[in-house]
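Comments concern the structure below.
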Amino acid sequence: MNFVIGVFDLFAYTIPGALYVALFGYLGAKLHILTAASIGGVPTVVLVVVIVVLSFLLGYLAYPLGEALERIVPRRRSRNAAEEFLRRMPAAKDRAFLKENTHLLLCALQLHDKEVAVDVTRLRASGLMVRNCAPPLLFGAVAAIVEIFAGKHPFIAGGLAALFLFASLTLVSQGRKLGLWAGMKTLELCFWLPEIDEKLAAPQKDTASQKDTASKTPATATSTQPPSTSPVTPPSR
């Protein structure tokens with residue numbers, strides 16, 4: 001049985017999770033839960049496997065923290081991938097693919113050519129990795145602030161607190177930038193994708209034609225008069 005970690009899983013979950021493992025390891029050492037003697041008795045292979053698995057699980061469980069921090073940190077300016085793309089390529093303003101979601105367009109790229117779509121996937125994974133690394137660094141800043149009052153090196157702890165806080169906010173901003181680049185890369189590749197506009201416009205035309213047909217079809221007249229109850233006159237002889 002082969003245990004394989006994909007590029008997306010490695011960047012989006014495992015690397016941020018490794019920072020959580022390091023943070024919990026630091027707290028365990030400060031609380032004397034983890035010692036060199038307890039760790040030294042574990043085989044190296046087992047220790048590496050445990051660290052990798054814990055990194056993936058912690059990164060997966062802490063994924064909502066990255067989303068929450070991105071919503072909390074204010075934006076300096078709002079940038080849209082489609083608007084940025086149109087600013088650089090005004091000739092594409094009437095293309096149908098600009099009205100669609102970039103995730104749907106990425107699926108179209110993957111169906112057309114998976115090797116081309118790898119660049120977009122790499123940018124998205126890198127953006128998620130950078131964003132998800134921000135919360136553990138923020139927690140590290142909190143731990144450093146505690147060390148200012150409880151530790152023996154308050155000046156070093158203060159410098160680390162400022163560094164971790166600045167790095168956390170910077171990572172959120174850089175994660176947004178990489179997400180914007182991924183969206184623009186998707187649109188740039190879809191610009192050269194053959195027949196993408198026809199495929200996206202076909203369902204809209206079918207829906208419009210069905211609505212026109214339904215509006216032109218006359219309604220069936222329904223009689224509201226009761227049936228006649230007069231007797232039938234027999235023919236005269």
* Can you spot the aspartates and glutamates whose alpha carbon is less than 20 Å from LYS93's alpha carbon? Ignore those fewer than 8 places along the same chain. => GLU83, GLU84, GLU188, GLU195, ASP197, GLU198
* Could you work out how far apart the two model spin labels at ASP94 and ARG77 are, taking each label as a point 7 Å from the Cα in the direction of the beta carbon, and quote it in nm? => 3.0
* Eligible aspartates and glutamates near LYS30 by straight Cα distance, threshold 14 Å, same-chain separation 8 or greater -> GLU147
* Asked: Taking 0.36 nm per residue of separation and subtracting the Cα-Cα distance, what length does fully extending VAL50 through THR170 add?
  -> 40.2 nm
* Which of the residue pairs LYS99/LYS185; LYS114/LYS177; LYS177/LYS199 have a Cα-Cα distance greater than 20 Å in the structure shown? -> LYS114/LYS177; LYS177/LYS199
* **Environment charge of LEU10, counting only residues whose C-beta is closer than 14 Å and scoring Lys/Arg +1, Asp/Glu -1** => +1
* Can you give the accessible area of ASP113, probe radius 1.4 Å, in Å² rounded to 10? -> 60
* Structure fact -> With all protein chains in place and a 1.4 Å probe, GLU70 shows an accessible area in Å² (nearest 10) of 40
* To do: Sort PHE56, PHE97, PHE24 by accessible area with a 1.4 Å probe, largest first.
  => PHE24, PHE56, PHE97
* Asked: Excluding ligands and nucleic acids, what accessible area in Å² is computed for VAL52 using a 1.4 Å probe, to the nearest 10?
  -> 50
* Asked: Put SER55, SER38 in order of accessible area, largest first, 1.4 Å probe: what do you get?
  -> SER38, SER55
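The values are calculated or read from the model by the stated rules, or taken from the named source; none is laboratory data. A quick note: this is a predicted structure, and the numbers were derived from the prediction, not measured. Neighbour counts run over all protein chains shown; Cβ positions are idealised from the backbone, glycine included. Ligands, DNA and RNA are stripped out before the accessible areas are found, and what is left, the full protein with its side chains, is counted by its heavy atoms. Shrake-Rupley method; radii C 1.70, N 1.55, O 1.52, S 1.80 Å.
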